[in-house]
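The values are calculated or read from the model by the stated rules, or taken from the named source; none is laboratory data. Because the structure is predicted, anything quoted here is derived from the model rather than measured. Here the Cβ is made from the backbone with ideal geometry for all residues, glycine too, and neighbour counts use every protein chain on show.
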Amino acid sequence: MNGSSGSQGHNVNGGQKKVQHASPLTLKNGPKHRPLTPMRRCRGVACVVIILSTAFTLIVFIAPITTFLVRLVSVHYSRKATSVLFGMWLSLWPFLFEKINKTNVVFSGESVLPKKRVLLFANHRTEVDWMYLWDLALRKGYLGYIKYILKSSLMKLPVFSWAFHIFEFIPVERKWEIDEAIIQHKLSTFKDPRDPLWLAVFPEGTDYTEKKCIKSQEYASEHGLPILKNVLLPKTKGFLCCLQELKSSLDAVYDVTIAYKHRLPDFLDNIYGTDPSEVHIHIRTVKLCDIPTSEDEVTNWMIERFRQKDQLLSDFFMQGHFPDEGTEGDISTLECLANFIAIVSSTGFFLYLSLFSSVWFKIYVLLSCAYLTFVTYFSIQPPQLICSSEGGTHAKKRAHSLGPPRHSSRAARRKPRSRLHRVRPLLSFVLPLPECIARPVRSRGGWRRGPYFLPRVSPLPILVLVEAMLSAAATLSRGCREGHDDEATGSCSSAGGPEQRRGAAGLLKSS
């Protein structure tokens, strides 16, 4: 998530002084904590095979049901079913980190209570920081509800891009004139306070490296900002946008600081279990009333929070730990094993159905893969066709405040609509697709190509034509069936009599 810092903050370390580039104590090219033995290599490959196979089978067999069929009825229950079922699969990752790889995850700071709707922001030390936030969400019971703002290039990964779309992660292009509309559109669908949401934001916009740190320090020196050694200067536009969209329904805001001992791990280090030996997560709660609302004030506030993070990380590298450790306990090994057995057994059952059962399961797998590829590529979420009583509470309150609708007697005298009106929202979701792909969207910088938002186009002419064709086909089918019955009983001659000609004329007239 990109965005400029907006305004200059206070000069803490002397912006006009020569920058002394500091080298952090934990680097990506440092010595590994554990050697990469053949046993660890085989175990890592086995873990990757299990995670990918379980992800593929669960997504292919369950995702079309929870994210399409259930969503047509209720978005709330669709998200709930998806979060519960796929949250079980996500819990395989903390099981891999903490129980198989023996990584010690240490929580410190404040002992936070389980909250339903949370906005958390963290430093971005390495490319796997977001995975260790799953350990926190698992302990609070909201593992399936955590969302991330990630690079749009990650949506091109096989299988994982399907999972990112199912979990409703927010992909961004790192261009604020495009990302602003995307973030607002995605978060506008989470206005229902019944939907739990843990939104994780990394204001730095990218992971930490020495090269990026040097550039950040040079920028801070030129603009009179604090010189940070262990974090990058934060970008606040994305955070402010998320805060404005969700502030009315948020329960808490968490300031999270992540640190690693000995070496910064990458994805393969996590898989093979060579690193990290310890992951330290420091949590501080931020009151909503303490967060400013204007962009300049939020910029200065966020820079001050990251200056505190930088000092906290410096103390960690000197002392080896954060203050106030031990705020969270370990995850249950028995529960992790039970969940692992349930996921693997269900995966085996689905694989058996797709390989050795009816051909219809193979067709279902192919259609599911095509559907997931389509909706992921175009970033499409099916609309809700049936308005529930809970979901329409805000609409009812607004209608009550506006008073009774006009022309109520005229509406009461209207003829009942056909059953086809029930599927019209679905057809309007499918039919105008070529138009919505190239539909321009207006932004502050002018007109640009839209992020594949579905327009509300009413395909009334096509629906009328389809309804007429269905009616004509039904009439023709009924007439042909009656003709066959008459021919079987001998009521008409082979050459056709006047009754048959009259029946054909009446059929054409009715159609």
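For the range 65-72, check the following and say yes or no: at least one residue is surrounded by 19 or more Cβ atoms within 10 Å (Cβ to Cβ), in contact with a Pro (Cβ under 9 Å, 6 or more places away or on another chain) and either of a type outside the set (Ser, Thr, Tyr) or closer than 26 Å to residue 385 by Cα (or both). For the range 65-72, residues surrounded by 19 or more Cβ atoms within 10 Å (Cβ to Cβ), in contact with a Pro (Cβ under 9 Å, 6 or more places away or on another chain) and either of a type outside the set (Ser, Thr, Tyr) or closer than 26 Å to residue 385 by Cα (or both): present. Just one of the listed residues (189, 206) is under 24 Å from residue 305 (Cβ atoms) and of a type in the set (Val, Ile, Thr), and it is 206.
Against the definition (in the same structural domain as residue 243 (by TED's automatic domain parsing), surrounded by fewer than 18 Cβ atoms within 10 Å (Cβ to Cβ) and on the phi < 0 side of the Ramachandran plot), how does residue 192 come out, yes or no?
Values: in the same structural domain as residue 243 (by TED's automatic domain parsing): yes; surrounded by fewer than 18 Cβ atoms within 10 Å (Cβ to Cβ): yes; on the phi < 0 side of the Ramachandran plot: yes.
So residue 192 passes the test.
Among the residues of the range 290-337, those identified as hydrophobic (A, V, I, L, M, F, W, C) and loosely packed, with under 12 Cβ neighbours inside 10 Å are 318, 334.
How many residues does the range 205-223 contain that are surrounded by fewer than 18 Cβ atoms within 10 Å (Cβ to Cβ) and more than 23 Å from residue 153 (Cβ to Cβ)? Working first, answer last.
Residues of the range 205-223 that are surrounded by fewer than 18 Cβ atoms within 10 Å (Cβ to Cβ), as a first pass: 206, 209-212, 214-215, 218-219, 222-223.
In the following step, the residues that additionally are more than 23 Å from residue 153 (Cβ to Cβ) were identified as 214, 218-219, 222-223.
The number of residues fulfilling the criteria is 5.
For the range 118-161, a residue qualifies if it is among the aromatic types (Phe, Trp, Tyr) and surrounded by fewer than 23 Cβ atoms within 10 Å (Cβ to Cβ), and the qualifying residues are 130, 134, 142, 148, 160.
Of all the residues that make up the range 354-371, how many are among the aliphatic types (A, V, I, L, M) and either buried (at least 17 other Cβ atoms within 10 Å of the Cβ) or in contact with a strand residue (DSSP E or B) (Cβ under 8 Å, 6 or more places away or on another chain) (or both)? Number of matching residues: 1. Among the helices (runs of 4 or more DSSP H) confined to the range 56-164, the ones with at least 3 residues that are of a type in the set (Val, Ile, Thr) are located at 75-90.
Restricting the range 200-248 to residues that are part of a loop (DSSP other than H, G, I, E, B) and basic (Lys, Arg) leaves a set whose member that is farthest from residue 121 (Cα to Cα) is 229.
Evaluate the following for residue 354: is it farther than 20 Å from residue 255 by Cα and either in a helix (DSSP H, G or I) or at pLDDT below 90 (or both)? Against the criterion (farther than 20 Å from residue 255 by Cα and either in a helix (DSSP H, G or I) or at pLDDT below 90 (or both)), residue 354 qualifies.
Inspection of the range 263-274 identifies no residue that is surrounded by fewer than 17 Cβ atoms within 10 Å (Cβ to Cβ), touching a residue at least 24 places away in the same chain (Cβ under 8 Å), within 30 Å of residue 192 (Cα to Cα) and not aliphatic (A, V, I, L, M).
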